[in-house]
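A short worksheet on the structure shown next.
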Amino acid sequence: MKLKYLSLKEAENILPNIECDIKKLININHALSLLNSIDIKYENDYKNYETRLQNIRLNKKFHYLSNNFFRILENLIKKGCFVKNLDEGIVDFYSFFDGREIFLCWRIGEKTINYWHELEETYNGRKPISIIKRKKRNNIL
């Protein structure tokens, strides 16, 4: 499967769905962290029936949530997203500008994409999207 590149308009059109998926990932990630903090021991003690069942239930829940997490993440990747920082809800979209690959940069809670940056740059190196819009308006793109 090829990497999917999005125009600014295409990326902004899918923002509501992306935001929903990112919120799900954040919630699942918190649940996984909580489950991961529980010390599950597999002891060969035939008297601890309830403990063994509880450990199995916790393990099943962890794997169920983990599977959902990676399913959602895979779907985001297929849509052309790169989840840069889940804790901060930062997502980049693969795109092109001036004949080179760039990231359109978005953060959860934003209604539109306001920034972009080079592939090698970080969130701190982002530039205003107005640069891209201005070039497009002037038919330079």
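A short reminder: the numbers here are calculations on the coordinates, not readings from a lab. Keep in mind it's a predicted model, so treat the numbers as computed, not measured. Neighbour counts run over all protein chains shown; Cβ positions are idealised from the backbone, glycine included.
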Report summary line: Projected onto the charge dipole of the chain (unit charges on the beta-carbon of Lys, Arg, Asp and Glu, signs +1, +1, -1, -1), the Cα from Ala11, Tyr64, Leu53 with the largest positive-side position is that of Ala11
Report task. Answer with a single label: of (i) 113; (ii) 102; (iii) 128, which was calculated as volume of the Cα convex hull per residue in Å³ from the structure in view? Result -> (iii)
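Please arrange Trp106, Trp116 by counting, for each residue, the other beta carbons lying within 10 Å of its beta carbon, fewest first. If you can, show how the numbers build up before the last one.
Values: Trp106 27, Trp116 23.
Final ranking by Cβ density, sparse to dense: Trp116, Trp106.
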Query raised in the report: What FRET efficiency comes out for the pair Ile38/Lys2, r = Cβ-Cβ distance, R0 = 30 Å, nearest 0.05?
Result: 0.15
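Students often get this wrong, so check it: of Lys2/Lys61; Lys78/Lys136; Lys9/Lys61; Lys24/Lys78; Lys60/Lys111; Lys24/Lys133, which have C-alpha atoms separated by over 28 Å? All intermediate terms of the calculation are to be shown ahead of the outcome.
Details: Lys2/Lys61 33 Å; Lys78/Lys136 26 Å; Lys9/Lys61 38 Å; Lys24/Lys78 17 Å; Lys60/Lys111 37 Å; Lys24/Lys133 31 Å.
Result: Lys2/Lys61; Lys9/Lys61; Lys60/Lys111; Lys24/Lys133 exceed 28 Å.
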Query raised in the report: With springs only between Cα atoms under 10 Å, which of Ser66, Ser33, Ser95 fluctuates most in a Gaussian network model of the chain?
Result: Ser33
